[in-house]
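**Q** Shown below is the structure under consideration.
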Amino acid sequence: MKDAKVEYINNFFKEAKKNIKDLKNIKTAYKQIPNILTFSRAIAPILINILFFSGNVPGALVVCGLTFITDAFDGIIARKLNVQSQFGADLDAICDKILIAGISLPIVILNPFMLINVILEVLISITNVKAKLEYKKPKSSFIGKLKTWVLSLTILSGYVTSLLNINLNLLKSILMIIPLTSFQTITYIEYLKKNKSNVNNENNNNIEFEKNNVIDIKEDKDKDKVLEKEVTKTYSLADYQKLKNDLLYEEKNKDKTKTKTRF
């Protein structure tokens, strides 16, 4: 696991250097538009938190909304420019987690119960990272994407309640996080099941491969035994005479076939 982690990090930074080189070149810079939009989600929380804690909640809410929009457009632009890459997909996942963690800070302060959602999101992230390092290629499911939207709306609603000076009592706090907690729990369980099924499939494939190898080895041994018998078998004079007659018969049939084809 440690070697896989180091290898993944090294490959990620190698790809990052290549993309930075593309950005420096005027002819290839356009290819980095999707990655720039994606990376903006990693630095946006700094501005959002500054605006929020300085009392400019409307500004923080606007920047928050614009940042969420980039999540939809970076993929569309990448497909239009035909520059989709594994690096872009990995960067997208990393920047999404940084964004959620960064903009959740003010909401957790306003509603400490949302710490539950932060913990669940961390568990989901750990599950995906673990699957990634084990080369299981985790894919987002429908419920996972739905969970992301519910998470975004819950965080935005936290900013709105602060903007409107809505007092979050115990009941309101709990009701606010129940839908998100439900979606996160379902997503977490689904990802755990997917990873477990991937492990079972790999084990079954390995067992099947080993069985086929054993069968092939047995067949090879059986063939060797037959050949060994054929080689060690002693032939009588009558056997040789029969073999000679069979060969002469085949030659006569060939001559007849050639004669017919001429006419």
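**Q** Kindly evaluate Gly59 against the criterion of being more than 27 Å from the chain's Cα centre (by Cα) and at positive phi.
**A** Details: more than 27 Å from the chain's Cα centre (by Cα): yes; at positive phi: no.
The answer is no for Gly59.
**Q** Turning to a different aspect of this structure: Across the stretch 91-114, what is the number of residues that are more than 24 Å from Thr70 (Cα to Cα) and among the polar types (S, T, N, Q)?
**A** Number satisfying all stated conditions: 1.
**Q** Taking the condition open to solvent by 100 Å² or more (accessible area, probe 1.4 Å) and modelled with pLDDT of 85 or more, does Leu180 pass?
**A** Details: open to solvent by 100 Å² or more (accessible area, probe 1.4 Å): no; modelled with pLDDT of 85 or more: yes.
Taking the combined requirement at face value, the residue does not satisfy it.
**Q** Within the bounds of the stretch 124-131, is there any residue that is over 19 Å from the mean Cα position of the chain (by Cα) and modelled with pLDDT of 85 or more? Explain how you work it out, then say what you get.
**A** Within the stretch 124-131, the first condition is being over 19 Å from the mean Cα position of the chain (by Cα), and the residues that meet it are none.
For the stretch 124-131, residues over 19 Å from the mean Cα position of the chain (by Cα) and modelled with pLDDT of 85 or more: absent.
**Q** Say we look at the stretch 165-177 and pick out the residues that are in contact (Cβ under 8 Å) with a residue 12 or more places away in the chain and part of a helix (DSSP H, G or I); which of these is most open to solvent (accessible area, probe 1.4 Å)?
**A** Taking the stretch 165-177 as the starting set, the residues that turn out to be in contact (Cβ under 8 Å) with a residue 12 or more places away in the chain are 168, 173-174, 176-177.
Going one step further and asking which of them are part of a helix (DSSP H, G or I), we end up with 173-174, 176-177.
Details: Ser173: 6, Ile174: 65, Met176: 33, Ile177: 11 Å².
The selected residue is Ile174.
**Q** Further, regarding this structure: Which residue is modelled with the highest pLDDT, if the candidates are limited to the stretch 86-117 and must be farther than 15 Å from Gln184 by Cβ and open to solvent by 70 Å² or more (accessible area, probe 1.4 Å)?
**A** Ile98
The values are calculated or read from the model by the stated rules, or taken from the named source; none is laboratory data. Everything quoted here is computed from the prediction, not taken from an experiment. Positions of Cβ are backbone-derived with ideal geometry, glycine not excepted, and every protein chain shown enters the neighbour counts. Heavy atoms of the whole protein, side chains included, go into the accessibility calculation; ligands, DNA and RNA do not. Shrake-Rupley method; radii C 1.70, N 1.55, O 1.52, S 1.80 Å.
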